[in-house]
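Report on the structure given below.
The values are calculated or read from the model by the stated rules, or taken from the named source; none is laboratory data. This structure is a prediction, so every number in the text was calculated from the model and none was measured. Here Cβ is always computed from backbone atoms with ideal geometry, including for glycine, and neighbour counts include all displayed protein chains.
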Amino acid sequence: MPENPHGPHPDPPPRGGDGDTQYHLVVVETSAQTALQQTGVRLTPQRLAIAAVLAQTGKETSAQELYERVRKKHAYIGRATVFRSLDTLVTAGLAQRLERPGHVSAYVWCEPGHHHHLICTTCRTVEDLDEAAVAPLAETIARQRGFRVDHATLDFYGECRTCSSRQGRSRPAARRAMTSLSTRARM
């Protein structure tokens with residue numbers, strides 16, 4: 001069955017079975033649409049589809065990876081449209097561009113409002129970090145250096161709790177100790 005040319009219109013979630021997944025997609029598309037409308041970004045079917053897939057991903061993803069995911073459901077959306085939409089979403093504050101090793105850009109969906117990120121380099125999960133967690137650092141900088149911070153964007157790269165505990169069980173004790181020492185030395 002061909003896609004609706006007027007944009008994605010999610011069906012109501014089915015009862016039973018895989019209903020949780022379908023319900024999650026409906027909620028994500030609705031929240032992506034609401035976020036786009038709140039920022040004043042022109043709402044197009046393509047942009048909504050791209051935003052919904054990015055929001056649903058929950059991990060940092062490259063433009064190419066996002067393009068491949070979007071094309072599975074919306075074959076009519078081209079690569080250039082994905083790139084332009086990502087730029088629009090970043091400008092509107094609904095996505096943030098992150099850097100992967102090798103200077104490759106990746107993107108993550110952002111809810112409106114200023115925040116920072118915790119990025120797991122193992123599973124690529126991204127968590128929002130509220131401004132309140134970073135405010136003491138800005139206060140310390142102001143007090144010690146006399147520098148008034150107007151704006152900060154911080155992305156912390158490391159391992160999430162799940163990956164850290166999983167690797168902690170599988171690594172020998174000597175290697176865990178060495179990793180712990182090198183981590184403390186960098187701080």
State yes or no: is Leu89 at negative phi, in a strand (DSSP E or B) and either surrounded by 19 or more Cβ atoms within 10 Å (Cβ to Cβ) or in contact with a strand residue (DSSP E or B) (Cβ under 8 Å, 6 or more places away or on another chain) (or both)? no
Criterion first (without any contact (Cβ under 8 Å) to a residue 24 or more places away in the chain and not polar (S, T, N, Q)) does Ala152 satisfy it? no
If the Cβ limit is 6 Å and pairs must be 6+ apart or interchain, which residue in segment 157-169 that is under 12 Å from Thr121 (Cα atoms) pairs with which residue that is outside any loop (DSSP other than H, G, I, E, B) and at pLDDT below 85? Tyr157/Ile119; Cys160/Thr125
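Here's the yes/no breakdown for (1) surrounded by 13 or more Cβ atoms within 10 Å (Cβ to Cβ); (2) modelled with pLDDT of 85 or more; (3) over 30 Å from Leu86 (Cα atoms):
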residue	(1), (2), (3)
Asp130	no, no, no
Tyr157	yes, yes, no
Cys163	yes, yes, no
Ser170	no, no, yes
Residue list for segment 137-155, filter: loosely packed, with under 10 Cβ neighbours inside 10 Å and either modelled with pLDDT under 90 or on the phi > 0 side of the Ramachandran plot (or both): Gly146, Arg148, Asp150, His151
Among the listed residues Tyr107, Tyr76, which satisfies the condition of being aromatic (Phe, Trp, Tyr), in a strand (DSSP E or B) and modelled with pLDDT of 85 or more? Tyr107
Segment 148-168, residues that are in a loop (DSSP other than H, G, I, E, B) and basic (Lys, Arg): Arg148
Identify, please: which residue in segment 92-126 is out of contact with any strand residue (DSSP E or B) (no Cβ under 6 Å at 6 or more places or on another chain) and β-branched (Val, Ile, Thr) and is, among those, surrounded by the fewest Cβ atoms within 10 Å (Cβ to Cβ)? Val104
